[in-house]
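Input: a single structure, listed below in structure tokens.
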Amino acid sequence: MATPATDTKQAQPRSVRGNTAFANYQAARVQAMEAFVRHRRIQSLWRALTAATDALLAPSVGAGDGLTLIAVGGYGRRELFPYSDVDVLILAPQALSAKQERMVVGTLQRLWDAQVPVSHAIRSVADTVALAQQDATVCAALIDARYIVGDRKPYLALKRALRSEVFGYQPRRFVEAKLAERDARHTRFGASRFMLQPNVKEGKGGLRDLQTLNWLVRYCYGSPRVQDVIRDDMLSPAEWKHYRQAYLFFATIRAMLHIQRGRADERLSFDVQPAVAQALGFRGKTPEQRAERLMLRYFQYARAVGNMTRILCASLEEQQLRAQPALFVQENAARQLAHYLRMEHGRLQFTEDADLLAQPHQIIGLFVQMQEQGIDMHPRAQLQLARMLPKVGRMLPLDGESNHLFMRLLLASKSPEATLRRMNDMGVLGALIPEFGRLSGMMQYDGYHTYTVDEHILVALGNLRHLQAGLWKDTMPLSTALARETPDPAVLYVAMLCHDIAKGRGGGHAESGAELAKLVAQRLGLTPQQISLVSWVVRHHALLSDTAFKRDLDDPKTIDDFVALVQSPERLRLLLLVTVADIRAVGPTVYNGWKGALMRTLYHRAMVGMGVGVSPMAVQEVPAALLTQWTRQPAHPAIRITHDSFHAVSTIAIVITTVPRLLTALTGVLASLGASIVSARIRPLMETEAEGASYAEFQVQNAHGENFADDAKRLQRLEALIAQALADPDALTRSLAVRKRVGPTSDAPVRSGVFIDNRVSATASVIEINARDRIGLLHGLLQAIDACGLQVMTAHINTYGQLAVDVLYVKDAYGHKITHHAKMAQVKEALAVAIGLQPEGA
């Protein structure tokens, strides 16, 4: 249970200590937060915090001072959160007198010293009105203006001037300004309502969106309350109540976040979700289950907020507060509409004779026309659809015409992503494809994905269209070419739609998803051959990335095993496109040039293995210049560093005298420089090359997943650090241990484990280690391998959020696989200790 943080006397200046007003203020705050933690009543918390703040500020302006203190923004609405800013406006004559200035400055300084987060402005009535006419943000804050203390006449004059000269006078300008402000905010804090770690205040679908609606309606209609202008043809009383509940729910979360953190924190991150869920009374056997139920409720409300936003904004546009489409554009679009649709004020509306109950395909037809004509839905059509969907929803999956229209939408020349998202928000997509509907708002607690499962799939579908449109042709030429040449886009898009459709059902979601995909594809009208191909792609949608990122692509058995499973170029092309679109839909920074290079290499080598295509360039041999340099000075390592912007890696090639545990030392040095190793390999050089030396090659990235071209000086210390590491390995280990302790705090659960496989490679044992990523992780693993008397041939490193997956190809001292049970147990135990996992049987 959360406990409100209190300000200690030591944190306050001497001028504040012992002050009765401040002591009463702090005591009232603590009492209000403790009551909120017990009863979870956000409105009671608002009232208590507002009353405590009013009582503190009231004495700051005395009678006869000629000043007026006004609360604005959230403080004006009496919606103060535990650590939100206290926004005030001080109304004053055109210029402050010296006495007034001293009083204002002194009061503000005392408030700041007491850690009261006051944000203030000092203006005259005339200046305030003029600024409100020009600045939509100031205008919105003044909508909630509330008198606190001082001369009441300027306050009343301001209210009269705002009503007569500001509110409602430039509706189009105000609406456009606030919606532009909203769009910019969404870009900054996440342009999706379904971010797994949302910003409750500023994120899309959150508190600020609802407040924006409040400001728009009250400004344009001149009403003190939104519900006073809500008509039944816009929102029913029950629907309005639901949206009000959404606001209170988000506000409750925000307040609990503040209390949990002891500061103003609006991001509902992984690490705090379980604590907030427990504090708000969500039940579950584990913290993750409680958090999942909290977030499911959050996303349900966020979806409702999105629908309300569209209805009210469309209503404002209908009242000609924004520009309407040109008449000839409307006429041209109207001629292409289905018989059950019509245009009304530039938006699509059902005709009077539309019969959604008898012909449910008209619902899907509305979305098809929206996409093809580029016209939005009328708010009354949205309400009609929402109220009718519970009656016809079960009919949609078995309605052939509905499924036919959906495929038309999915494969249209225009990107389906926005339309599919609208269908998902309104519950139509889940009704048409019930298997997809079960994914609504589903969390993914892996610290890797950015979106809920349903949103991830929609983003991935959009990525396929981006590839076909050539938007990424410069960075992804192979995928772009394959997307444009896809002979059967129906298989590609349905497979993408279904690739994660079985998540949350337990067991392997790929295998279960393959069976569900058959049912979905059959209802959508695909042929038996297409259905079989869709099912195969869904079953193996992770095969290409797992092989490319975790296996040695220079090992012939890797390619042979991959080809034996894929079998055909058609499957391989589909697999590559689905994989690329899938990875790019995980999050904005997950895909990079290095991952693309690995997948392209696997693709080309697999095509050669199938008897088609041209083999890509062979692995680069040891650069001759490095051999010559080392031969001349064998006491020093010969180093060459190159930077590859297309693949987003820097390659470090080293020829160095062979010593025990060489790879372990080299990885430790790179970790000490802050380099993230994505690939590492080492081999002893033959007599014909350079006897007594080894060749090591590393591909590394910086903390942002880029090469070191802009930070080349960092790698210039390599030679000196290598010498130090070889001379004193323990010092390097101690240094990395210190860096590990000061690393970032984890905010997502990670399932660690060690797995040994002797079937993957014909010549080496393959060890996969899953662990929380940290600086020097690979170095610690190699130390454990060294202690077991094994040698590492290659290392392949990949990170999924905070999960690191390191795959090591190892042999014993005699060059053989490790097959003895006792030895395998020893290795697993050593690696488990290295990653902080309790060994089996301990």
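A few notes on this one:
- Residue ID - surrounded by the fewest Cβ atoms within 10 Å (Cβ to Cβ), chosen from residues in the stretch 252-262 that are over 21 Å from the mean Cα position of the chain (by Cα) and within 21 Å of N214 (Cβ to Cβ): T252
- Residues that are in contact with an Asp or Glu (Cβ under 8 Å, 6 or more places away or on another chain) and either in contact (Cβ under 8 Å) with a residue 12 or more places away in the chain or hydrophobic (A, V, I, L, M, F, W, C) (or both) were ranked within the stretch 278-307; the one that is nearest to T450 (Cα to Cα) is R303.
- Residues being under 16 Å from R759 (Cβ atoms) and among the hydrophobic types (A, V, I, L, M, F, W, C) - total across the stretch 810-825: 3
- Look at the stretch 465-492: where a residue is assigned by TED's automatic domain parsing to the domain that holds Q529 and a partner is surrounded by 14 or more Cβ atoms within 10 Å (Cβ to Cβ) and of a type in the set (K, R), sitting 6+ places away or on another chain with Cβ atoms under 8 Å, you get L478/R600; T480/K473; L482/R573; T486/R573.
- Single match in Q371, Q382 (criterion: under 23 Å from E176 (Cβ atoms), within 32 Å of the chain's Cα centre (by Cα) and modelled with pLDDT of 85 or more): Q382
- Only listed residue being out of contact with any strand residue (DSSP E or B) (no Cβ under 9 Å at 6 or more places or on another chain), in the same structural domain as I785 (by TED's automatic domain parsing) and β-branched (V, I, T), chosen from V669, V649: V669
- Counting only residues that are closer than 22 Å to P729 by Cβ and not hydrophobic (A, V, I, L, M, F, W, C), the stretch 795-807 holds 1 of them.
- Residue list for the stretch 767-805, filter: on the phi > 0 side of the Ramachandran plot and either under 22 Å from the mean Cα position of the chain (by Cα) or without any contact (Cβ under 8 Å) to a residue 40 or more places away in the chain (or both): G789, G801
- Selection count where residues are of a type in the set (D, E, K, R) and either within 25 Å of G206 (Cβ to Cβ) or surrounded by 20 or more Cβ atoms within 10 Å (Cβ to Cβ) (or both), scope the stretch 136-159: 2
- The stretch 558-612, subset of a type in the set (K, R) and within 19 Å of R539 (Cβ to Cβ), residue surrounded by the most Cβ atoms within 10 Å (Cβ to Cβ): R573
- Taken across the stretch 402-415, residues that are at pLDDT 95 or above, of a type in the set (K, R) and more than 13 Å from F194 (Cβ to Cβ) do occur, with at least one present.
- Qualifying positions in the stretch 160-183 - surrounded by fewer than 16 Cβ atoms within 10 Å (Cβ to Cβ), in a helix (DSSP H, G or I) and not hydrophobic (A, V, I, L, M, F, W, C): R160, R163, S164, E165, R172, R173, E176, E181, D183
- Of the residues making up the stretch 631-649, those that are surrounded by 19 or more Cβ atoms within 10 Å (Cβ to Cβ), without any contact (Cβ under 8 Å) to a residue 60 or more places away in the chain and within 19 Å of A725 (Cβ to Cβ) number 1.
- The residues in the stretch 49-84 that are part of a helix (DSSP H, G or I) and within 19 Å of Y247 (Cβ to Cβ) can be counted, and the count is 6.
- Selection within the stretch 672-693 - surrounded by 19 or more Cβ atoms within 10 Å (Cβ to Cβ) and under 16 Å from P623 (Cα atoms): R681, I682, A690, A693
- If the condition is being hydroxyl-bearing (S, T, Y) and either within 15 Å of L598 (Cβ to Cβ) or in a strand (DSSP E or B) (or both), then the stretch 668-702 contributes S676, S679, S694, Y695.
- Which listed residue, of I797, I818, is of a type outside the set (D, E, K, R), touching an Asp or Glu at 6+ places or on another chain (Cβ under 6 Å) and either outside the structural domain of A703 (by TED's automatic domain parsing) or farther than 19 Å from R751 by Cβ (or both): I818
- Matching residues, the stretch 271-307, being charged (D, E, K, R) and assigned to a helix (DSSP H, G or I): E288, R290, E292, R293, R297, R303
The values are calculated or read from the model by the stated rules, or taken from the named source; none is laboratory data. Keep in mind it's a predicted model, so treat the numbers as computed, not measured. Here Cβ is always computed from backbone atoms with ideal geometry, including for glycine, and neighbour counts include all displayed protein chains.
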